[in-house]
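Shown next, in structure tokens, is the structure this report addresses.
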Amino acid sequence: MPSLPPAHGLRFAFGTLTVLPVRVTRWDREAARGGMLCAPLAGLAVGLGAAGLGVLLLLLGAGPLLAAVGGVAVPAVLTRGLHLDGLADTADGLGSGKPAADALRIMKQSDIGPFGVLTLVLVLLAQVAALAQLYAASWARGALAVAVAACAARLVLTLAARAGVPAAGPEGLGAAVAGVVPV
């Protein structure tokens, strides 16, 4: 069986994990494997964009707080809020106190509940506060932190897609990439 050209994995990663205009040309398990292995590269691109905006704002005279808001906003924009949507869905599902099947149904709903809103507000405030503190100490610390955080967050996708980790349900992106990365 011939190996998948690296471009397919990169397209899958950037096309599914970012808003960058990359066309996914293959949507199969082999492309998903390549995409999940390349996910940290997509994260690095997102992180470098966030770091770039933060540093630019500092150079233009903005304070560390505004630079941090920019650094937190860029990943949300460049990923279509995918990670924030997932966080809110998870909070709503777990916060419901319902059995697993009902919690999954709640997580699939398109609206956001009170647990999701509260979790998003607190997490975004914590991210901005931490990044502002880092930018206040040094522009380099803030820029490095936001770039490493975005890359590490996508590395978690690679780990979550490894063999032996099941998908939560039989459909969606999670089902498409579940178990594609060898241990």
Q) Ordering LYS108, LYS98 from largest to smallest accessible area (1.4 angstrom probe), what's the sequence? A) LYS108, LYS98
Q. Of the accessible area of the chain, with the probe set at 1.4 angstrom, what percent is carbon plus sulfur?
A. 71
Q: Rank ALA149, ALA76, GLY116 by how far each Cα sits towards the positive end of the charge dipole of the chain (+1 on Lys, Arg Cβ; -1 on Asp, Glu Cβ) and give me just the farthest.
A: ALA149
(Q) Could you work out the percent of alpha carbon pairs in the chain separated by over 27 Å, rounded to a whole number? (A) 35
Q: Kindly provide the helix-only [θ] at 222 nm of the chain, computed as the sum of -39,500 (n - 2.57) over DSSP H runs of four or more divided by all residues, to the nearest 500 deg cm²/dmol?
A: -24000 deg cm²/dmol
Q. Once you charge only the Cβ atoms, +1 for Lys and Arg and -1 for Asp and Glu, what is the size of the charge dipole of the chain about its Cα centre, to the nearest 20 debye?
A. 380
Q.
What percentages make up the Cα-Cα pair-distance distribution of the range 1-82 when the bins are 10 Å wide from 0?
A. 20, 39, 24, 13, 4, 0
Q. Per residue Cα convex hull volume for the range 131-173, in cubic angstrom?
A. 88
Q.
Looking at the chain as a GNM with Cα springs under 10 Å, which of GLY35, GLY52, GLY63 has the largest mean-square fluctuation?
A. GLY63
Q) Once you list every other residue whose beta carbon is under 15 Å from the beta carbon of VAL24, what net charge do they have if Lys and Arg are +1 and Asp and Glu are -1? A) +4
Q) What is the distance in Å between the Cα centres of the range 129-166 and the range 14-87? A) 11
(Q) Just the number please: accessible area per residue for the range 63-126, 1.4 Å probe, all protein chains included, in Å². (A) 58
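The values are calculated or read from the model by the stated rules, or taken from the named source; none is laboratory data. The shown structure was predicted, so the numbers you read here are calculated from the model rather than taken from an experiment. Quick reminder, even Gly has a Cβ in these numbers, built from the backbone with ideal geometry, and neighbours come from all protein chains shown. For the accessible areas, the whole protein counts, side chains as well, though only heavy atoms, and no ligand, DNA or RNA atoms are used. Shrake-Rupley method; radii C 1.70, N 1.55, O 1.52, S 1.80 Å.
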